[in-house]
Amino acid sequence: MTHLIAPSVLSADFANLQKDIIMINQSEADWFHIDIMDGMFVPNISYGFPVLNAINRYATKPLDVHLMIMNPDRYLEDFKNAGAANITVHYEACTHLHRTLGAIKELGCRAGVAINPHTPVNVLEDIIDYVDLVCIMSVNPGFGGQKFIENTYRKIRTLRLLASGRNNDLLVEIDGGVGSHNALSLLKAGANVLVAGNAVFAANDPSIAISELKHLNSDMLTA
Ligand code: DX5
Ligand code: ZN
């Protein structure tokens, strides 16, 4: 599978959101990455259902919803109804992760788990067969535009080893500080979904920035 690019709407211009959504629609991006923050699990509040519904009205690509909220079970159905194709919850925010993932699947969504930078990959050992996507946070969640944490490469390799033979189709998504300077190395380590906020929206031409991330081609990957 070729890798997927998911621009993070958190870095979009909220006063001109429709314009940025259409830009993503027309670009080579694969998904919209949607960051939901509750001011409890992370020290920031992003946006909620009114904005998500507005995005969903215009978006023509799947919505990859990243829930940085406590007890996400309360809202899973609402996120499905707001257009989520993927719902990713945090390992650290779920007491009954297996149940939560089951509920996401029953809604017909891809079920994802995100882990914070300090959370070892190995905590996923007994759930790895059951998840569709693992999101490795390469910054402490809460804000866009932060510096990438280098230990992420090691976590990607450990995760691929853990999933090997048990979940070879696993989507391995990297979120935080991703850009043209590290994208290729992340893919080589085993990632196949790249989230990019600042690297896309701070670029002179966001649509070209997306293409550049998308066209790290297979020659480069096997080199
Ligand atoms: C951080 C969010 C990220 C963020 C990424 O908590 O989960 O998705 O928007 O932004 P950049 O790419 O700017 O680090
Ligand atoms: Zn995110």
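Observations on the structure shown:
- Taking the range 12-45 as the range and being of a type in the set (Val, Ile, Thr), under 16 Å from VAL195 (Cα atoms) and within 16 Å of ligand 2 (Cβ to nearest atom) as the test, the residues that pass are ILE24, ILE34, ILE36.
- Whichever residue in the range 168-181 is farther than 10 Å from LEU133 by Cα and either within 14 Å of ligand 2 (Cβ to nearest atom) or not small (Gly, Ala, Ser) (or both) and, among such residues, is most open to solvent (accessible area, probe 1.4 Å): HIS181
- Test for ALA6: is it of a type in the set (A, V, I, L, M, F, W, C) and within 15 Å of the chain's Cα centre (by Cα): yes
- Each residue in the range 1-45 was checked for being open to solvent by less than 30 Å² (accessible area, probe 1.4 Å) and among the hydroxyl-bearing types (Ser, Thr, Tyr), and 2 pass.
- Scan of the range 173-214 for residues that are touching a helix residue (DSSP H, G or I) at 6+ places or on another chain (Cβ under 6 Å), outside any helix (DSSP H, G or I) and without any contact (Cβ under 8 Å) to a residue 60 or more places away in the chain, ordered by number: ILE174, GLY179, SER180, GLY190, ALA203
- Output for the range 152-172, where each listed residue is in a helix (DSSP H, G or I) and either aliphatic (A, V, I, L, M) or modelled with pLDDT under 95 (or both): ILE156, LEU159, LEU161, LEU162, ALA163
- Number of residues in the range 95-113 that are outside any loop (DSSP other than H, G, I, E, B), away from ligand 1 (no atom under 16 Å from the Cβ) and in contact with a strand residue (DSSP E or B) (Cβ under 9 Å, 6 or more places away or on another chain) equals 9.
- Only a single criterion out of (1) surrounded by fewer than 16 Cβ atoms within 10 Å (Cβ to Cβ); (2) under 24 Å from ASP30 (Cβ atoms) is not satisfied by ALA111, namely (1).
- All positions within the range 114-132 that are surrounded by fewer than 18 Cβ atoms within 10 Å (Cβ to Cβ) and either in a helix (DSSP H, G or I) or β-branched (Val, Ile, Thr) (or both): THR119, ASN122, VAL123, ILE127, ASP129, TYR130
- Some residue of the range 133-144 being under 16 Å from the mean Cα position of the chain (by Cα), crowded, with 22+ Cβ neighbours inside 10 Å and either at pLDDT below 95 or of a type in the set (Val, Ile, Thr) (or both): yes
- Verdict on GLU92 being away from ligand 1 (no atom under 15 Å from the Cβ) and surrounded by fewer than 22 Cβ atoms within 10 Å (Cβ to Cβ): no
- Residues that are among the aromatic types (Phe, Trp, Tyr) and away from ligand 1 (no atom under 14 Å from the Cβ) within the range 130-166 comprise TYR130, TYR153, listed in sequence order.
- Close contacts from the range 90-115, counting a first residue that is among the acidic types (Asp, Glu) and a second that is open to solvent by less than 10 Å² (accessible area, probe 1.4 Å) and more than 14 Å from ligand 2 (Cβ to nearest atom), with Cβ to Cβ under 8 Å and a gap of 6+ residues or different chains, come to GLU92/THR119.
The values are calculated or read from the model by the stated rules, or taken from the named source; none is laboratory data. These figures come from a predicted structure and were not determined experimentally. Cβ coordinates were reconstructed from backbone atoms using ideal geometry, including for glycine residues, and neighbour counts include every protein chain displayed. For the accessible areas, the whole protein counts, side chains as well, though only heavy atoms, and no ligand, DNA or RNA atoms are used. Shrake-Rupley method; radii C 1.70, N 1.55, O 1.52, S 1.80 Å.
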